Amino acid sequence: MAFPRVVPFLVLLTISTTVVVASAGNFYQDFDVTWGDGRGKILDNGNLLTLSLDKASGSGFQSKNEYLFGKIDMQLKLVPGNSAGTVTAYYLSSKGAGWDEIDFEFLGNLSGDPYILHTNVFSQGKGNREQQFYLWFDPTADFHTYSILWNPQRIVFSVDGTPIREFKNTEAINGVPFPKSQAMRIYSSLWNADDWATRGGLVKTDWNQAPFTASYRNFNANNACVSSSGTPSCGSNSTPASNAWLSEELDSTNQLRLKWVQKNYMIYNYCNDSQRFPQGLPPECKMA
Ligand SMILES: *[C@@H]1O[C@H](CO)[C@@H](O)[C@H](O)[C@H]1NC(C)=O
Ligand SMILES: *[C@@H]1O[C@H](CO)[C@@H](O)[C@H](O)[C@H]1NC(C)=O
């Protein structure tokens, strides 16, 4: 029995080395295509995932793991050409009534017209915290990295490493619930929303352009706490330095970059919509 014990050990070593080198996750390992009847595909040995949408159906996938805090990156290349009416949603969500959710949604447009990046944060089933942005590049020409930093103090949405939105935990100050106790799965879907997505529903999906396809690669959740049966584990290497993301905040450079995006690319901010909130803006808006 001595010999067989040595072999698995070596095999294990080789596997773990490979995982470290290839730090990007493998879609077979990390995700399940959950709907769309073959319209969602894992390709290229698990390095690429594509979702498609046609008149009959969209498609979607979800993570095998649940996460309770994390710094999660995904690269997306959005539906090119005339994508009006389509929505590519990429989000984290817990389950059940009183769920928490962190959303990126990409609203398609006519060729050459800008996508809208729509974001929202739900805590305990309550959302209504939309912020929308144009992007400073064409998100259909190549892959770009969309990241969520979620730790007990804040949620930061970033695009190619540039923060676009920060939602702080202000619970101790104003009682606004912050997502901090419900584990979330990662979900993505491509679907038809031409009743509202493009210019408020004025521009409809052109089914002659179908199938519409969005692509995903380089998923990275190396810095995340995976929650299995309620016990989160924040990776094998849980030294304080490697878990710095758990208390990460925006440094002064990143605060300036956030301001730059908000000034130049933000097109809607619920905290700026006093008509919508005649009783007064939500309390977290005063903290920004
Ligand atoms: C689509 O393009 C129009 C015209 O430039 C713009 O007003 C709109 O915000 C763009 N995006 C969406 C999703 O409607
Ligand atoms: C904020 O509100 C002002 C006044 O209504 C408006 O002109 C501006 O476009 C709004 N900005 C955002 C990002 O919503």
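The values are calculated or read from the model by the stated rules, or taken from the named source; none is laboratory data. What you see is a predicted model; the values in this text were computed from it and never measured. Because the Cβ atoms are built from the backbone with ideal geometry, glycine has one as well, and the counts that use them run over all protein chains shown. Remember, those area values only see protein heavy atoms, side chains included, never the ligands or the DNA or RNA. Shrake-Rupley method; radii C 1.70, N 1.55, O 1.52, S 1.80 Å.
If residue 75 satisfies all but one of (1) in contact with a Lys or Arg (Cβ under 6 Å, 6 or more places away or on another chain); (2) within 16 Å of ligand 1 (Cβ to nearest atom), what's the number of the condition it fails?
Here residue 75 clears every test but (2).
Being open to solvent by less than 30 Å² (accessible area, probe 1.4 Å), within 16 Å of ligand 2 (Cβ to nearest atom) and in a strand (DSSP E or B): is that true of residue 104 here? Steps first, answer last, please.
Details: open to solvent by less than 30 Å² (accessible area, probe 1.4 Å): yes; within 16 Å of ligand 2 (Cβ to nearest atom): no; in a strand (DSSP E or B): yes.
Here the answer is no, as residue 104 does not meet what is asked.
Would it be correct to say that residue 224 is open to solvent by less than 90 Å² (accessible area, probe 1.4 Å), aliphatic (A, V, I, L, M) and within 16 Å of ligand 1 (Cβ to nearest atom)?
no
Testing residue 265 on (1) farther than 22 Å from residue 159 by Cβ; (2) within 16 Å of ligand 1 (Cβ to nearest atom); (3) not acidic (Asp, Glu), one condition comes back false. Which one is that?
(1)
Contact list please: Cβ distance under 8 Å, first residue in region 263-274 and more than 8 Å from ligand 2 (Cβ to nearest atom), second residue hydroxyl-bearing (Ser, Thr, Tyr), pairs at least six apart or on different chains.
265/134
Within region 240-254, which residues are outside any helix (DSSP H, G or I) and either of a type in the set (S, T, N, Q) or surrounded by 12 or more Cβ atoms within 10 Å (Cβ to Cβ) (or both)? If you could, list the steps in order and put the result at the bottom.
Just the residues of region 240-254 that are outside any helix (DSSP H, G or I), to begin with: 240-243, 248-251.
The answer is 242, 243, 248, 249, 250.
For residue 99, all conditions in the list (1) open to solvent by less than 40 Å² (accessible area, probe 1.4 Å); (2) of a type in the set (A, V, I, L, M, F, W, C); (3) over 15 Å from the mean Cα position of the chain (by Cα); (4) away from ligand 2 (no atom under 16 Å from the Cβ) hold save one; what is the number of the exception?
Single failed check for residue 99: (1).
Could you tell me which numbered condition residue 141 fails, if it satisfies all but one of (1) within 16 Å of ligand 1 (Cβ to nearest atom); (2) open to solvent by 30 Å² or more (accessible area, probe 1.4 Å); (3) in contact (Cβ under 8 Å) with a residue 24 or more places away in the chain?
(1)
Looking only at region 160-197, count every residue that is under 17 Å from residue 105 (Cα atoms) and either free of Cβ contacts under 8 Å to residues at least 60 places away in the same chain or open to solvent by 20 Å² or more (accessible area, probe 1.4 Å) (or both) and tell me the total.
Residues meeting the conditions: 9.
Looking at region 23-60 only, could you name the residues that are among the acidic types (Asp, Glu) and either open to solvent by 40 Å² or more (accessible area, probe 1.4 Å) or touching a Pro at 6+ places or on another chain (Cβ under 7 Å) (or both)? Spell out the reasoning first.
So in region 23-60, the residues among the acidic types (Asp, Glu) come out as 30, 32, 37, 44, 54.
Within region 23-60, 32, 37, 44, 54 qualify.
In region 107-138, which residue that is away from ligand 2 (no atom under 16 Å from the Cβ) and over 25 Å from residue 213 (Cα atoms) is most open to solvent (accessible area, probe 1.4 Å)?
Filtering region 107-138 for residues that are away from ligand 2 (no atom under 16 Å from the Cβ) and over 25 Å from residue 213 (Cα atoms), the one most open to solvent (accessible area, probe 1.4 Å) comes out as 124.
Residue by residue through region 255-281, note down the ones that are part of a strand (DSSP E or B) and closer than 18 Å to residue 147 by Cα. Talk me through it step by step, then tell me what you get.
Of all residues in region 255-281, those part of a strand (DSSP E or B) come to 266-269.
Matches in region 255-281: 266 only.
What is the number of the single condition among (1) assigned to a strand (DSSP E or B); (2) among the β-branched types (Val, Ile, Thr); (3) closer than 20 Å to residue 93 by Cβ that residue 213 does not meet?
Result: residue 213 fails condition (3) only.
Which of the residues spanning region 198-220 are within 16 Å of ligand 1 (Cβ to nearest atom), closer than 15 Å to residue 82 by Cβ and open to solvent by 30 Å² or more (accessible area, probe 1.4 Å)? Show your work before the answer.
Pass one, region 198-220, residues within 16 Å of ligand 1 (Cβ to nearest atom): 198-206, 209, 212, 214.
Checking the rest, the ones that are also closer than 15 Å to residue 82 by Cβ come to 198-199, 202-206, 209, 212, 214.
Within region 198-220, 199, 202, 204, 206, 209 meet the criteria.
Please state which of the following conditions residue 229 fails to meet, knowing it meets all the rest: (1) modelled with pLDDT of 95 or more; (2) over 15 Å from the mean Cα position of the chain (by Cα).
(1)
Quick test of your reading of the structure: residue 100 fulfils all but one of (1) over 27 Å from residue 280 (Cβ atoms); (2) out of contact with any His (no Cβ under 9 Å at 6 or more places or on another chain). Name the failing condition by number.
(1)
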